[in-house]
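Heads up: the structure comes next, in structure tokens.
Each reported figure results from applying straightforward, stated rules to the coordinates on display, with no laboratory input. Just so it is clear, the model here is predicted, and its values are computed rather than measured. Don't worry about glycine lacking a Cβ; one is built from the backbone with ideal geometry, like all the others, and counts go over all protein chains shown.
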4 protein chains.
Amino acid sequence: MTSQAQDRQLLELIRQLFNEKIPFNRVLGLRIDSLDYDHPRVRFEMRPELVGNFVRGNLHGGVISAAIDVTGGLAAFLGVQKRLADEPLEAKLERFGQLGTIDLRIDYLRPGFGEWFEATGYVLRTGNKVAVTRIELHNNEDSLIAVGTGAYVVG
Amino acid sequence: MTSQAQDRQLLELIRQLFNEKIPFNRVLGLRIDSLDYDHPRVRFEMRPELVGNFVRGNLHGGVISAAIDVTGGLAAFLGVQKRLADEPLEAKLERFGQLGTIDLRIDYLRPGFGEWFEATGYVLRTGNKVAVTRIELHNNEDSLIAVGTGAYVVG
Amino acid sequence: MTSQAQDRQLLELIRQLFNEKIPFNRVLGLRIDSLDYDHPRVRFEMRPELVGNFVRGNLHGGVISAAIDVTGGLAAFLGVQKRLADEPLEAKLERFGQLGTIDLRIDYLRPGFGEWFEATGYVLRTGNKVAVTRIELHNNEDSLIAVGTGAYVVG
Amino acid sequence: MTSQAQDRQLLELIRQLFNEKIPFNRVLGLRIDSLDYDHPRVRFEMRPELVGNFVRGNLHGGVISAAIDVTGGLAAFLGVQKRLADEPLEAKLERFGQLGTIDLRIDYLRPGFGEWFEATGYVLRTGNKVAVTRIELHNNEDSLIAVGTGAYVVG
């Protein structure tokens, strides 16, 4: 299998795991929109059960933090993959299972109104043990709803 | 209505709003366990849909951050109530609706294994505009799963 | 006095206060490099007393956090000025004195090696009470040493 | 050398390094007050050059964050020592040199007024690679000035 073919296979497996196998991702309706190594994106639709403020109808803060957390984790994982291109597929997948958030800061900038939302992750630094990522959450009108910064164990 | 009776009424209304009216709190199964002014507590049961790591079966990070966020908000709200005891009930309830998280840090200390989880909030500082709270999440074996620190708009 | 002349006067006064009147800024050698409303910059030279790790000779973490904190505060202040252009000069200066950091996160990405360092602040959100800013610290080779996110009381 | 004697020697060396050899610690006047494994303490005196707000005369935020950062690092280091009691002294000292802050959150709760200040560090979790600590800064009247939470690389 060529390196490119293995890459495609890895990304397809990650996509399946993320979208289908992580129970709480399904509750939130999180779907990978792009597995670009430099800035992966995760998307979800507004749905009534994701509401926090029942008078105003905007997203619950916990939905925002969950979307930001998993997108930061994806960015951390993909950032490490770029550096470890020669590992076998199994080792790479195992790494995905070992990924863990050390800590996360979320800044809630504007109320979460919108039809759908998209979180984009950016790697600030990848090391052998720890990766640091920045995440932005926009709504469908490209308004910046929240940002996050997270540290992740990657190895 | 005496001040004590009004207090009880306020707390009963907050409990109903929190447990029944906030859609995403219901998805998570969050229930107020105590509205102690100094350290309110929120509890939820482990359920299959709250899982993040489907191999190990522990809580999704987003569930942890959501529980920590709302418990910090409760602590901020109750901390302000202590200072503003003489406001009419309607004003107090309106304040609850205006409560907003400015930012939140979460430290994920141990994997979220357990039968049920309890988050406890502590006020570090309340001002006229901003309150700062610290939150601890323990499991049913009293293991410290995660901590948080959050700043909230309260007025 | 025209509005533009008042602007220039305000910025000149801020520059003097920042560079000359804040004792610990002088200890660090912090100097305003630009008071651009959208991304102000603060600069300082490496000096032996700013070292943390005496074996390797890089910046102390406290120097990094101090530079990031004050640059975030400047960005918050200037972001609010843009919105409140019609206030008299005295009111604007008073606002500068009332500026306060609520909380700050710093991510230390790379050891602080370099001849000089520059922190740039960006406003993520300005409100009537609270502003949120992001800050980047680069060295003279444009390597990203650290980033920060801070919430500031602005009114 | 007995294990207890080695412990004392290690702590004495750490104290010397911290107080005498780290240039910016000397600028701040930071002195180790206690190397208790469970909650080390660092102390410093108010001095004119540590002031941030020259009108009110309180501590610069950067002094607060620096004191919190180094105290959190000490707590992380000592927390790891408890777990690795059997390492030779040289290995332990090398570990001290490798200690690095990944990220830090600081909450500035009250203006830094006082004659002297004391930061106390608490370990929330120690692992093989990463330790998480919480830090409190009080003034000489036992008023809580600021708190912090930090993640540190320890191995």
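Of note:
- In this assembly of identical copies, the label point of B:Ala85 (Cα plus 7 Å along Cα-to-Cβ) is separated from its counterparts by 4.9, 5.0, 6.9 nm, sorted shortest first.
- For the pair region D:9-66 / region B:3-71, the C-alpha centres are spaced 40 Å from each other.
- For chain B, the longest principal axis of the alpha carbon atoms and the long axis of helix B:89-98 meet at an angle near 40°.
- Amide H contacts of A:Asn140 (H built 1.01 Å from N, under 5 Å, at least 5 apart or other chain): A:Glu115, A:Trp116
- The orientation-averaged projected area of the convex hull spanned by the Cα atoms of the protein assembly as shown comes to 29.1 nm².
- For the segment A:119-127, counting C-beta atoms of other chains within 10 Å of every residue's C-beta and taking the mean gives 2.
- Of interest is the spacing of the C-alpha centroids, which for region C:72-89 and region C:106-150 amounts to 19 Å.
- Exposure rule at most 16 other beta-carbon atoms within 10 Å, DSSP loop GluC sites (Glu not before Pro): chain D longest free segment: D:1-114
- Measuring nothing but how far apart in sequence close Cα pairs (under 8 Å, 6+ apart) lie, relative to its length, chain A scores a relative contact order of 24 percent.
- Amide H contacts under 5 Å for A:Leu84, placed H, 5+ residues apart: none
- Karplus-derived 3J(HN,Hα) values for region C:66-73, using 6.51 cos²θ - 1.76 cosθ + 1.60 with θ = phi - 60°, are 5, 5, 5, 4, 5, 5, x, x Hz; glycine and proline are entered as x.
- Sorted from shortest to longest, the distances between the C:Leu144 label points of this copy and the other copies are 1.4, 3.1, 3.4 nm, with each point 7 Å from Cα along the line through the beta carbon.
- Region D:112-155: C-alpha gyration tensor shape, a/c 1.5 cut-off, then a/b vs b/c: prolate
- Near B:Tyr122: Cβ cut-off under 9 Å, other residues only, Lys/Arg at +1 and Asp/Glu at -1. The net charge is -1.
- MRE, 222 nm, helices only [DSSP H, n ≥ 4, -39500 (n - 2.57), over chain C, to nearest 500]: -11000 deg cm²/dmol
- Kirkwood radius and radius of gyration were both taken over the C-alpha atoms of region B:77-155, and their ratio Rg/Rh is 1.07.
- Within the shell of other residues whose beta carbon sits under 12 angstrom from the beta carbon of D:Lys82, the net charge comes to -3, with Lys and Arg scored +1 and Asp and Glu -1.
- Amide H contacts under 5 Å for A:Val51, placed H, 5+ residues apart: A:His60, B:Phe24
- Over 30 Å between alpha carbons, listed pairs C:Lys129/D:Lys129; A:Lys129/C:Lys129; A:Lys92/D:Lys129; A:Lys82/D:Lys21: C:Lys129/D:Lys129; A:Lys129/C:Lys129; A:Lys82/D:Lys21
- Cβ-vector label at 7 Å, A:Gly100, separations to other copies in nm: 2.0, 3.6, 3.8
- Gaussian network model of chain B, springs between alpha carbon atoms under 10 Å - residue of B:Val63, B:Val80, B:Val55 with greatest fluctuation: B:Val55
- Helix axis angle, B:3-16 relative to chain B longest principal axis, alpha carbon, degrees: 30
- For chain C, built as a Gaussian network whose Cα springs stay under 10 Å, the top-fluctuating residue of C:Ala76, C:Ala66, C:Ala119: C:Ala66
- Translational diffusion coefficient of region D:3-153 (Stokes-Einstein, Kirkwood radius from Cα pairs, 20 °C, 1.002 mPa s): 138 µm²/s.
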